[in-house]
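Heads up: the structure comes next, in structure tokens.
The values are calculated or read from the model by the stated rules, or taken from the named source; none is laboratory data. None of the values given here were measured: they were computed from a predicted structure. Counting neighbours? That spans all protein chains shown, and the Cβs are built from the backbone with ideal geometry, glycine included.
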Amino acid sequence: MQRHPTFPNLLFAGEGVWPGVPHRVNPIVIRIPTYAPPRSRVLPAEGLLPRADAVASATRERAGLLLGLVLVLAAALFSLRLGHSSLFIDEVFSWNASRGDLSRLADSLRYSEVTPPLYYLLLYGWLHIAGSDSEIVMRVPSVLAGVGVVASIYWLGLLVAGRRGGLIAAGLAAISPLLMVYAQQARAYVWVMLALTLAVAAAIQGSRDRSSRYLLLAAVAAAVGILLHYTAIFVLAPLAIWLWRAPGVHLRWRIGFVLAVALPFVALAPLLTEQLSRGHHDIAESYAALSPLNALRIAGTPFDGRMLEGIVLARELGALVVIEALALLALADRFRRLPARWLIVACGAIPLVAVALAGAIGQPTALTRYTAVAAPFILVAIAAVAAHANRVFAAVLVTCALIASGAGVVSSHKRDGLYPDTRAAVSIAAEHWQHGDRLVGIGLLGFDGALSYYGDKLLPRGQNAIPALRTLDGAAEAPPIVDAVLEGRRLWFISDPPVDSANLSKSLEELGYRATATQEFPGSGRIELIRAEPLR
Amino acid sequence: MRGWRLYGARAAALAALCGGAVYLTWRFGQLSELGVLATIFFIAELVNYLALLEGVVLFWRPRNRLLAPPPPDGTTLDVLVPVCGEDVDMIEATVRAALAIDYPHETIVLNDGHLAGKDNWWDVELLCERLGVRCLTRTVGNRGKAGNLNAALPLTSGEFIVVLDADHIARPDLAQLLLGHFDDPRLAFVTSQQCFQLDRHDLLGHQQAFFYRLIQPAKDRDNAAFSCGNGVAYRRVAIESIGGFSEWNLVEDLTTSYELHARGWHSAYVAIPVSVGTAPSTAAELASQRLRWATDSLRLFFWDNPLFKKGLTLRQKLHYAHTTGWYLVGAIDVIYLISPIVAILTGARLIAPGSEWTYAGLIGLYLLPIALMLTAYVGWRGAARSAQLQLFLAPVFAVAIVRALFAHPRRMTRRLQGGVTAKRSQRKVSWLTTFHHTVLALLLVSVGIAIMRPGVTLAVVLWACVLATALATPGSMLGLGRDMSQTLRIAISAPAVAAALLVALTVWSAYSIDSRSSQAAAAAPAAAEATAAGKTAGPTLGPPKRGVYLGTYNPTVAGSPRKPLSLIRYPGSRMAIFHRFQAWWGRDRFMAKEWMAAVKRRRAVPMITWEPWRKPVGEASSPNQRRGLLRQIANGRYDLFVRRWARDAKAYGKPMLLRFMHEMNGRWYPWAVGINGNTPAAYKAAWRRVWMIFRREGATNVGWVFSVESFAGGPPTTRSQYDAYYPGARYVDWVGMSGFNWGFKSFGGWLSFDRVFGRAYDVVKTFNKPIMLGEVGVAAGDPRTAGWVRDALRSAPKRFPRIKAMVWYDWRHPQRDFRLHGKALRELRTASRAAELRPAVRLMVRRR
């Protein structure tokens, strides 16, 4: 029996509208709309169970086949041109931290990273087992983790949105530009995505089935997640709250899970404090501030790959899909009965909001690498909405997601590679190398460890120390270059971006040099190789 | 409405009036700098403000009626249920409820189905027979509810008449609530609050809480409450005294009340619902219903205007004028809907650039009290629904105005007759809502465009987001079912809300980075070193209070670094600014300290046009060098070089001007926007980075001159184009212009000073910065040259009062000789001694 909010005498009941008036004279009944569960979730009636089982079995088989295809697609896309791109600057940090002895790792963590140590330890072990540190070897674990993320997203989607939802989520994950980039990068991001997806899925399954096994898995995955990357806390905090409030979970498991999150975090706190105190490079402000473009990239996190800057529409479409999916899942009554709906929304939205707020207070952190932890949950949210919304709406939503993903996939797999082609530039220099030559990095490469990686591998030992300069104008004041100039040696410059020819001549003239050969290397960041010889 | 809510609402209303006055005064002051769109927008704001003022005056004191005494015994009551083709089961429920009214009465069904050609009129007769009530089925007479009621008057005899619509279930105690008020013999009718079966959220705002809780009680106090057509008890004698219900207008309730009041009868309003009915559940049906109401109310306004109605008191006239004319105000809100779209798509401006924060503060002072006032009266949900509904119905009211203007009572009565609100099968789409949906789509597209388009004012984007969110609710009411409507509503409003948040956060981010950089600069070691001599290098050059600074560019005057500044050329003059060009590459790439020291000794200010290029020998321009230069500057490639300059500038210690990357709106320099791979965003970013380095180094003595080309005689660069690369008010101290009278036929021949600068002046003055003519010159060797100089120096400053500095280009350009000779030079010398051109140098302390 409910009362009308503005008309207290009006009763919503079967007996009539006005109190005290016999039913026969006022038979109006106000029907309160009720939620109709999706057809796929309607349980079969008793007596039809054998047939229902058969149907369910066939559905399972079909879903298994489709999942297999999705995983193969993911593996293929993640492995495609795996070693084609030169190492990215961040990957070189991974390489640098994971080679040599463990004391090097500690130094590297303190001075050049803002991440916990677990990934580097894993990579350290892997490189020693593999016996190689080539680009492909370094990236292979990420590919495997990427496929694992797709599979675990299917599991999570299955739990939240049913089999169809799980398949849609896995399909979107397989072609997610963000996942593709990180599955091809020797960094921790794809691993932390894997750990968190597993943690959330295991927690949901564990609380539903009251299974200690799954809850243990959730706790272990959560601890691993926090040891892989600090941003895991954006997901683990809502997960811990959700699990604490979940009915039927024993108190010791609740406490255990909170400890599994809190203890590693507390243990890492001193390291984090030290890393944060060193701060970011000033240069990060130029690309990681919360500009409109970066805000769009964050809002459309799962669709953010190495997209060309011009593809604004695809970015907007991606952001639109994410916002729609999260808002609908959170607010629309249609999805009210989906299990763990709020957990998925929180895990998808909190990282985005947190990073955007950090950007708003001036921190140069507006990058999707920090919101990557949200991607699996956003994809599950999209899938849940697509699987349970009106068909037309679902079709529009999925089509938009496919367009945004497609644009990202195409640009991510462009021929020129993902990152500046440092390897090709150093290779050519090595090919024409003469004893006594000196290689110098200019511009962004001044910070780019890729030069040291490839110098280490391709240049003659003893001559592979590569000084780095911000600009060519400062060359005359850099001691290693001054030494080389005084000795009349040939100089090789690799510049990112390419140097203006007039500026180059002028600067070299000041050194008493001239450019004898230049070559430009296309890619997402163009670089230029310059050979300079003394004027005679 | 009483107690703290009423007093709080009144306080908020007064605050809104004060805040609105301040806001509108400020807006009015800006109009001269803005275009037509802003003026139209301002008019809409002004009209709404006046409507608010009128509302506050009229509805200041609502009347809270006590419960009526018991109705007198022995009176007779007729309950009339006019029907016209409604579903029979609905009519049955209504009639059964009417029969159950706990007072001696006769229930009579007035069946208009036959006259209106409805198929079920016979079913209604059968129903009445079954229920044992009298059914009066008309076959002739005027169509419409009023005609139906009038036809029944001679056939009924009750002393009082209660009218119930066919879809309204009456309360059993209806008579007790209404009839007791008739102890006043002058009372003609008692009207009551309407109530409808609605979704809990009342998405289309049918409860009209604001109307029933404030407006009707306030009208009641002034004896101007009007009948709402249903749940109204009339005194038969009163109705007969005006010849029956008014038939010329479809809103017979309003018109009849109007006539009764004009005859001196009284009315009463009971803020209690006495029946519950149905209401439109789709936006299209709602629009259709409100179009009907609006048209007929406006007909009353246009053709029987209450202000000139005899028999009404002044307050009654005002109340009826408000009721019938309110739709005119409502229609003006169309401007609110369209303006942001136009502003974003065309680049037109609604507010002056650089005044966003002032705008936000002042409009907050205005809108926040309005929101509080509405919330106090009807709760936040009711307030939100009122605002949504007003915006949604604005185009409907605009249509109603047109219809009403062409609907004279004598000519158009028949055409407008008929039409009732659909009760069951309601239309889902209508031509009336087409405009609304188009606007909604355009708003969302505009927001999408605006996010990626530099130069669009933040406030306009936010306004577009707010409008899209507001329109999402009625826009989603397409009769698609509750789930789909909700999905649609969320799908429309979520991106708008998210876009608003993202825009706000990005602005906050830019502000945070700036302030953090400033703080960092203050704490930087370099700044600490300077602590002994003050943390910063002191103030820069500000505009004079009166007059114009005069300056010159002449290399012989500027001199070489070793022998700088010879003023033999201008004996007796007092030049305030000495100008010099310096490129980033070449011999002259470092700051000319000796020259600047010489300028300092002259108590003048050095201005350096700082050009990031290698100056070509013997050529005026060489745009194709250093491709991607701006991006490189923005990315910090030249930070070391810039920092060195900044330190030198700070060490100089006295005011100096840096005219950086000038004439960017041309195509002859490598930093010009639109060529050489340069984008507006890159220009802005490069400027800000360089500016930031100077700030970090504490070189606050540097004044920044954003100097554009005036395109003498040609169309100037528009403000919206400038907005794309104008670095922002914070980064600019002076806005400069270059302009020459070349004297070439190909350049328009001999051009007056006004032709050279006039049109560009009108644009650059909107930056609200002091204006400097960074390069002004006239072709030498023409007999008109001296006159041109005299006009420029003596008369022009009066015609262009925002010009605060004028730097004469007294040198030979590669394409034209601008050196002054003979009489022209004497004019300059003479003028430079005048008091207006020798103002005291005024300093400006820059905010940190």
**OP:** Give me the pairs, please: first residue somewhere in segment A:366-395 and farther than 18 Å from A:Val192 by Cα and of a type in the set (Val, Ile, Thr), second residue anywhere and modelled with pLDDT of 90 or more and not in a helix (DSSP H, G or I), beta-carbon distance under 6 Å, and either six or more positions apart or on two chains.
**Re:** none
Original post:
If a residue has to be of a type in the set (A, V, I, L, M, F, W, C), without any contact (Cβ under 8 Å) to a residue 60 or more places away in the chain and not in a helix (DSSP H, G or I) to count, how many in segment B:461-487 make the cut?
Top reply: 1
Subject >> Residue among B:Glu45, B:Glu86, B:Glu54 that is over 15 Å from the mean Cα position of the chain (by Cα), acidic (Asp, Glu), surrounded by 15 or more Cβ atoms within 10 Å (Cβ to Cβ) and assigned to a helix (DSSP H, G or I) >> reply: B:Glu54
**OP:** Quick one: count up the residues across segment B:603-639 that are buried (at least 16 other Cβ atoms within 10 Å of the Cβ) and more than 14 Å from chain A (Cβ to nearest Cβ).
**Re:** 9
Subject >> Residue list for segment B:211-229, restricted to those being in contact with a helix residue (DSSP H, G or I) (Cβ under 8 Å, 6 or more places away or on another chain) and more than 13 Å from chain A (Cβ to nearest Cβ) >> reply: B:Leu214, B:Ala218, B:Lys219, B:Asp222, B:Asn223, B:Ala224, B:Ala225, B:Phe226, B:Ser227, B:Cys228, B:Gly229
Original post:
Does B:Ile91 count as within 14 Å of chain A (Cβ to nearest Cβ) and part of a loop (DSSP other than H, G, I, E, B)?
Top reply: no
Original post:
Restricted to segment B:640-651, and to residues that are surrounded by fewer than 21 Cβ atoms within 10 Å (Cβ to Cβ) and at pLDDT 80 or above, which residue is farthest from the other protein chains (Cβ to nearest Cβ)?
Top reply: B:Ala651
Original post:
Among (1) at pLDDT 90 or above; (2) closer than 24 Å to A:Ala295 by Cβ; (3) within 13 Å of another protein chain (Cβ to nearest Cβ), where does A:Ala401 come up short?
Top reply: (3)
**OP:** Tally the residues that are of a type outside the set (Val, Ile, Thr), part of a helix (DSSP H, G or I) and within 23 Å of B:Ala44 (Cβ to Cβ), restricting the search to segment B:308-334.
**Re:** 9
Subject >> Residue count, segment A:477-500 (criterion: within 14 Å of chain B (Cβ to nearest Cβ), at pLDDT below 80 and either within 24 Å of A:Arg423 (Cβ to Cβ) or exposed (fewer than 14 other Cβ atoms within 10 Å of the Cβ) (or both)) >> reply: 2
Original post:
For segment B:57-81, what are the residues that are at pLDDT 90 or above, more than 31 Å from the chain's Cα centre (by Cα) and β-branched (Val, Ile, Thr)?
Top reply: B:Thr76, B:Val79, B:Val81
Original post:
When you look at B:Gly636, is it outside any helix (DSSP H, G or I), more than 48 Å from the chain's Cα centre (by Cα) and modelled with pLDDT under 85, yes or no?
Top reply: no
Original post:
If you go through segment B:441-463, how many residues are modelled with pLDDT of 90 or more and more than 14 Å from every other protein chain (Cβ to nearest Cβ)?
Top reply: 2
Subject >> Count of residues meeting criterion [within 21 Å of B:Thr76 (Cα to Cα) and either within 14 Å of chain A (Cβ to nearest Cβ) or surrounded by fewer than 18 Cβ atoms within 10 Å (Cβ to Cβ) (or both)] in segment B:104-130 >> reply: 3
Subject >> Members of segment B:379-402 that are more than 15 Å from B:Ile335 (Cα to Cα) and buried (at least 24 other Cβ atoms within 10 Å of the Cβ) >> reply: B:Arg385, B:Ala400
**OP:** Looking for whichever is modelled with pLDDT under 90 and either polar (S, T, N, Q) or assigned to a loop (DSSP other than H, G, I, E, B) (or both) here; the options are B:Gly743, B:Gly758. Which one fits?
**Re:** B:Gly743
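Given the options B:Pro670, B:Pro655, name the one that is touching a strand residue (DSSP E or B) at 6+ places or on another chain (Cβ under 9 Å), modelled with pLDDT of 85 or more and away from every other protein chain (no Cβ under 14 Å).
Working: B:Pro670 fails: away from every other protein chain (no Cβ under 14 Å).
Just one listed residue meets the conditions, B:Pro655.
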Original post:
Out of (1) among the β-branched types (Val, Ile, Thr); (2) closer than 30 Å to A:Phe234 by Cα; (3) more than 19 Å from the chain's Cα centre (by Cα), what's the single condition that is false for A:Thr368?
Top reply: (3)
Original post:
Do any helices (runs of 4 or more DSSP H) lying entirely in segment B:101-204 carry at least 3 residues that are closer than 18 Å to B:Glu240 by Cα, and which ones are they?
Top reply: B:145-152
Subject >> Leading residue by the ranking (farthest from B:Gly475 (Cα to Cα)) among those in segment B:152-209 that are buried (at least 19 other Cβ atoms within 10 Å of the Cβ), charged (D, E, K, R) and within 13 Å of another protein chain (Cβ to nearest Cβ) >> reply: B:Arg171
Original post:
Any residue at all in segment A:87-99 that is part of a helix (DSSP H, G or I), in contact (Cβ under 8 Å) with a residue 12 or more places away in the chain, polar (S, T, N, Q) and closer than 23 Å to A:Lys414 by Cβ?
Top reply: no
Original post:
Here are some conditions: (1) touching a Pro at 6+ places or on another chain (Cβ under 8 Å); (2) under 27 Å from B:Asp648 (Cα atoms). B:Ser710 meets all but one. Which one does it not meet?
Top reply: (2)
**OP:** Output yes when any residue across segment A:332-343 is modelled with pLDDT of 85 or more, surrounded by 23 or more Cβ atoms within 10 Å (Cβ to Cβ) and acidic (Asp, Glu), and no when none is.
**Re:** no
Original post:
What number of residues within segment A:116-141 are in a helix (DSSP H, G or I) and either touching a Leu at 6+ places or on another chain (Cβ under 8 Å) or surrounded by 24 or more Cβ atoms within 10 Å (Cβ to Cβ) (or both)?
Top reply: 13
Original post:
Only one of these conditions is not met by B:Gly703: (1) touching a strand residue (DSSP E or B) at 6+ places or on another chain (Cβ under 6 Å); (2) on the phi > 0 side of the Ramachandran plot; (3) not hydrophobic (A, V, I, L, M, F, W, C). Which number is it?
Top reply: (2)
Original post:
Out of all the residues in segment B:253-283, which are away from chain A (no Cβ under 14 Å), in contact with a Gly (Cβ under 6 Å, 6 or more places away or on another chain) and not in a loop (DSSP other than H, G, I, E, B)?
Top reply: B:Asp253, B:Ala262
**OP:** Report, by residue number, each residue of segment A:345-361 that is over 22 Å from A:Pro376 (Cβ atoms) and free of Cβ contacts under 8 Å to residues at least 40 places away in the same chain.
**Re:** A:Ile361
Subject >> Pairs, first at pLDDT below 85 in segment B:274-286, second in a strand (DSSP E or B), C-beta under 6 Å, six or more apart >> reply: B:Ala279/B:Phe196
Subject >> Filtered residues of segment A:501-536 (kept if surrounded by fewer than 19 Cβ atoms within 10 Å (Cβ to Cβ), under 24 Å from A:Arg423 (Cα atoms) and within 13 Å of chain B (Cβ to nearest Cβ)) >> reply: A:Ser501, A:Glu520, A:Arg526
